[in-house]
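Below is one structure, written out as structure tokens; the observations come after it.
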Amino acid sequence: MEQKKMKDLQREVDEYISGFKEGYFSPLAMMARITEEVGELAREINHYYGEKPKKASETEKAIEEELGDVLFVLICLANSLNIDLETAHDIVMKKFKTRDKDRWTKIEE
């Protein structure tokens with residue numbers, strides 16, 4: 001399967017959302033959605049790796065699916081604010097590679 005770049009993901013989500021009259025939700029509503037989706041992700045991680053097993057009545061959801069939900073809403077938020085996530089990523093990586101370059105113990109090569 002061909003790997004998509006973030007620009008492709010942002011375009012795909014925008015094309016999908018553009019098919020609805022409602023369009024993107026407000027940034028505040030999307031922030032609430034991100035919080036909701038991160039909570040669902042946390043619940044799944046707790047079921048797989050934590051001390052809280054699922055109830056017999058709960059359906060099985062994959063961590064991968066929950067991460068996908070978080071990513072979708074994050075892309076929606078970025079698109080609604082005209083933020084290029086590749087640029088945002090580059091800004092953060094530059095920060096980590098400069099400000100935080102000596103913060104953790106490096107693996108010797």
* Asked: What ranking of H89, H47 emerges when the number of other C-beta atoms within 10 Å of each C-beta is taken as an exposure proxy, fewest first?
  -> H89, H47
* Asked: Relative to the Cα centre, what is the charge dipole magnitude of the chain, using +1 at the beta carbon of each Lys and Arg, -1 at the beta carbon of each Asp and Glu, and rounding to the nearest 20 debye?
  -> 460 debye
* **MRE, 222 nm, helices only [DSSP H, n ≥ 4, -39500 (n - 2.57), over the chain, to nearest 500]** => -20500 deg cm²/dmol
* Residue order, fewest to most beta carbons within 10 Å, for M1, M31, M6, M93 -> M1, M93, M31, M6
* Asked: When you take every Cα atom in the chain, what is the radius of gyration, and what is Dmax, the widest Cα pair distance, in Å?
  -> 17.6, 54
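FYI, it's all coordinate maths here, none of it is from the lab. What you are looking at is a predicted structure, and each value in this text was computed from that prediction instead of being measured. When we count neighbours, we look across all protein chains shown, and the Cβ atoms used for this are built from the backbone with ideal geometry, even at glycine.
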